[in-house]
Amino acid sequence: YIVTPEEVKQFRRNAMLASFGYGMAMMGNVILVVVMPFSFNYIVGGSVNSVSAESSSLLSLAVIASTSCGVLVQDFWGRGGGWFGRQKMLAAISLLGAASAVCASCGHAARIPELWIVSSVLSGLSGAAFATASSYCADMSTADNFAMITGVLSSFSAFGVVAALVVQALGGENMVVPLAISVAAFLIAFVGFALLLPDVSPPASKRETPTRCDIARTFLVCNIGSTFLAQTRFTKCLLAAIFFGSAGGGCIRVWIFGFALVRFAMTAQSIGILFVASFVFGGLVVPLGTRFLPAKLGCNILFWMNVSCPLIATFGPAKEPTLWVAMFCLVFNGLSESFLISIFMGQLSGRRRGEVAALQSLADKLGNLLGVFVVTPINVMWLESYMATGEGTQFTPPMAHAILDGLGIILYYAAQLCLRHQDKFGVFVLRTSGESPDEQEVETVEIGAKE
């Protein structure tokens, strides 16, 4: 596919707009994620800071509901983007997010936890924003600059997260205003995706018209198995590393609002300030890292650090600065994940990227689900032991987190050592022709391809 230099500039603008819309959607989603555990504390115990085993169990149930529903629709969002256009998918995702925020607001105001569960279901159904936005941006870039585009996407994501956390931290124990801002952020994302983002990914000429059976099959999780089996062993190992990394992310979503709040004596406002500081740091580190470090080198250097956060939280002193150090180490986890996604998405090029993005999103959802299932009983037992005796159990929730992260680290480095001959990252490169900018043509080609 040959494009002019002006089209290349337009593609970059489109990627920036998609990234901004995703950042707003991320802001709305993160507000819900951060407010939800404190809202459950308020519904159960009458105060946002009254952590209990019951509120922790409700949180885990909401996360499981969200993740399970997300698993069912990942293939639809991935393939649907190729059929109908990823711009339409992003608009639909943001509209579902707005509905989720409305349900959450009503659940908190009326102290009805079931409405939070409904909100979590809607949030899960809309949980393919990153994979869809990544696919859109991938269609606007090549392997040479995709790491940088991913860094831009991550930067807007970090902006959304920081804005959400600032709103939550300033709100203190008042959760009504953050929830209202969540609704507004999703609606802004919807307007950006529906009215401003061009419907050019993939190009109309490359779209296929699905049958009703094709659409129905996307809701069968096993249907995506054929896409998985078609990948190389190297790509499968990268996907497994994403899976276990997401499992670690699922763990921290539970223990940061249970184990950590109790062990490190954190409040709703202090945890919000910590999140703001760590994500501001991440908003600086991730774009700089993806800008100046090649994807492979960066991932090889940093991926082992994924396990540092849970280890510090487990073995460090039971004081607030320990959690600060652990959360700042988590920033490098985000940077290494950007590199890993760049390498994974660079294994294929063309119209099948949506299916691969669906694989990545599915691995993310299933990993989160595994992490929540594993860490929830450990977190509840630790809290019950602490409330009864003043001391938690010997096996802490972050230990389970560290084990899952460790499995992902082993798989990634094993793939790099034993299967690197199957790595296709960098195979797709830019080739230019023409002496003047007006005559120059840019083409994405595969090294060694016959055509």
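Table for the structure above
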item: Sorted peptide list for 227-240, 404-417, criterion being average Cβ within 10 angstrom, highest first; result: 404-417, 227-240
item: Read-out Rg and Dmax of the Cα atoms in Å, derived from the coordinates shown; its label in (i) 26.5, 91; (ii) 21.6, 77; (iii) 22.6, 84; result: (ii)
item: Given Lys236/Lys319; Lys9/Lys88; Lys296/Lys319; Lys88/Lys365; Lys9/Lys296, the pairs whose alpha carbons are separated by over 31 Å; result: Lys236/Lys319; Lys296/Lys319
item: Angle between the chain longest axis and helix 53-84 axis [Cα atoms, degrees, rounded to 10]; result: 10
item: Separation between Cα centres of segment 323-340 and segment 226-251, rounded to whole Å; result: 19
item: Degrees between helix 129-139 axis and first principal axis of the chain (Cα, 0 to 90, nearest 10); result: 20
item: Overall Cα dimensions of segment 230-328 - principal axes, largest extent first, Å; result: 47, 28, 21
item: On Cα atoms only, tilt of 5-45 relative to the major axis of the chain in degrees; result: 10
item: Distance histogram for segment 1-146 (every C-alpha pair counted, 5 angstrom bins, percent rounded to whole numbers); result: 2, 10, 17, 18, 15, 11, 9, 7, 5, 3, 1, 1, 0
item: Farthest toward positive dipole pole in the chain [+1 Lys/Arg, -1 Asp/Glu at C-beta], among Leu370, Val191, Tyr22; result: Leu370
item: Check: segment 264-418 dipole with +1 on Lys, Arg Cβ and -1 on Asp, Glu Cβ, in debye; result: 620
item: Estimated [θ] at 222 nm from DSSP helical runs (n ≥ 4, -39500 (n - 2.57)) normalised by residues in the chain, nearest 500; result: -25000 deg cm²/dmol
item: Order by protection proxy (mean Cβ within 10 Å, highest first), peptides 386-393, 8-15; result: 8-15, 386-393
item: Extreme residue, positive dipole direction of the chain, given options Pro397, Asn379, Ala240 (C-beta unit charges); result: Ala240
item: Rg/Rh (Cα only; Kirkwood hydrodynamic radius) as it applies to segment 275-367; result: 1.05
item: Dipole axis of the chain (+1 Lys, Arg; -1 Asp, Glu on Cβ), positive-most option in Val285, Pro321, Ser56; result: Ser56
item: Assigned charges on the beta-carbon of Lys, Arg, Asp, Glu; the chain dipole about Cα centre (debye); result: 420
item: Lys319 versus Met16: modelled label distance in nm, points set 7 Å from Cα along the beta carbon direction; result: 4.6
item: Packing-based order for 310-320, 100-110, using average beta carbon neighbours within 10 Å, highest first; result: 100-110, 310-320
item: Nearest-20 debye value, segment 175-242 charge dipole, Cβ charges on Lys, Arg, Asp, Glu; result: 260
item: Alpha-carbon centroids, segment 71-110 and segment 147-176: separation in whole Å; result: 19
item: Percent accessible area from carbon and sulfur atoms, the chain, protein chains only, probe 1.4 Å; result: 67
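The values are calculated or read from the model by the stated rules, or taken from the named source; none is laboratory data. Only a predicted model underlies this, so the values are computations on that prediction, with no experimental measurement involved. As a convention, Cβ positions derive from the backbone with ideal geometry for all residues, glycine included, and neighbour counts pool all protein chains shown. The accessibility values were calculated without ligands, DNA or RNA, using every heavy atom of the protein model including side chains. Shrake-Rupley method; radii C 1.70, N 1.55, O 1.52, S 1.80 Å.
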